[in-house]
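Derivation of every value follows stated rules applied to the coordinates shown; laboratory data play no part. All of these numbers come straight from a predicted model, not from anything done at the bench. Cβ atoms come from the backbone with ideal geometry, glycine included; neighbour counts cover every protein chain shown.
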Ligand code: PNS
């Protein structure tokens with residue numbers, strides 16, 4: 001059985017993430033959406049449980065995915081879960097340097113391969129951090145995140161954006 005990891009912070013999950021997971025799920029028997037527990041980013045907007053809940057809801061149409069948390073090295077998590085591949089979305093050339101470096105480091109560590117999917121053009125500008133920023137100041141993110149996530153962002157930032 002071919003298992004792949006789609007790792008990330010998912011704070012919050014965007015339509016770009018959903019697109020990459022959906023397309024990965026067509027190519028692998030099983031896809032583990034691996035949510036990092038110890039992101040270097042100091043402040044998270046949503047708790048791990050909230051992120052998991054949103055992911056589970058927006059990916060519920062995919063029978064061959066599961067959502068797991070991990071901490072430490074991704075390659076160790078991959079080994080423990082029998083995943084032979086990592087799938088990442090590449091939005092622009094600016095992603096490439098760092099993603100290539102991580103892919104090569106991971107390959108060096110355990111031999112795991114990383115597959116890059118080109119992000120669908122309509123999502124090439126999207127990132128969770130920009131979505132958070134737009135939502136924080138009351139901007140419309142409904143074309144960038146699933147409706148459930150847009151609702152959660154509005155609830156989280158509702159008061160703050162009215163004050164800003
Ligand atoms: O959504 P993000 O924040 O861009 O995801 C980055 C993530 C979690 C995929 C990356 O930071 C990662 O794989 N971290 C795990 C730690 C690790 O294995 N580091 C060595 C990578 S070469």
Meets criteria (more than 13 Å from the ligand (Cβ to nearest atom), touching a residue at least 12 places away in the same chain (Cβ under 8 Å) and assigned to a helix (DSSP H, G or I)) for residue 53: no
Given (1) under 12 Å from the mean Cα position of the chain (by Cα); (2) assigned to a loop (DSSP other than H, G, I, E, B); (3) surrounded by fewer than 21 Cβ atoms within 10 Å (Cβ to Cβ), number of the condition residue 61 does not satisfy: (1)
Residue that is farthest from the ligand (Cβ to nearest atom), among those in the range 83-95 that are more than 17 Å from residue 27 (Cβ to Cβ) and either surrounded by 13 or more Cβ atoms within 10 Å (Cβ to Cβ) or touching a residue at least 12 places away in the same chain (Cβ under 8 Å) (or both): 92
Test: residue 35 is touching a helix residue (DSSP H, G or I) at 6+ places or on another chain (Cβ under 9 Å), within 25 Å of residue 136 (Cα to Cα), part of a strand (DSSP E or B) and within 13 Å of the ligand (Cβ to nearest atom): yes
Conditions (1) outside any strand (DSSP E or B); (2) within 17 Å of the chain's Cα centre (by Cα); number of the one not met by residue 117: (1)
Failed condition for residue 133, given (1) in contact with a helix residue (DSSP H, G or I) (Cβ under 8 Å, 6 or more places away or on another chain); (2) over 14 Å from residue 13 (Cβ atoms); (3) outside any loop (DSSP other than H, G, I, E, B); (4) more than 14 Å from the ligand (Cβ to nearest atom): (1)
Criterion violated by residue 107 - all others in (1) within 18 Å of residue 47 (Cα to Cα); (2) within 16 Å of the ligand (Cβ to nearest atom) satisfied: (1)
Qualifying residue in the range 41-49 (condition: in contact with a strand residue (DSSP E or B) (Cβ under 9 Å, 6 or more places away or on another chain), closer than 19 Å to residue 129 by Cβ and in contact (Cβ under 8 Å) with a residue 40 or more places away in the chain): no
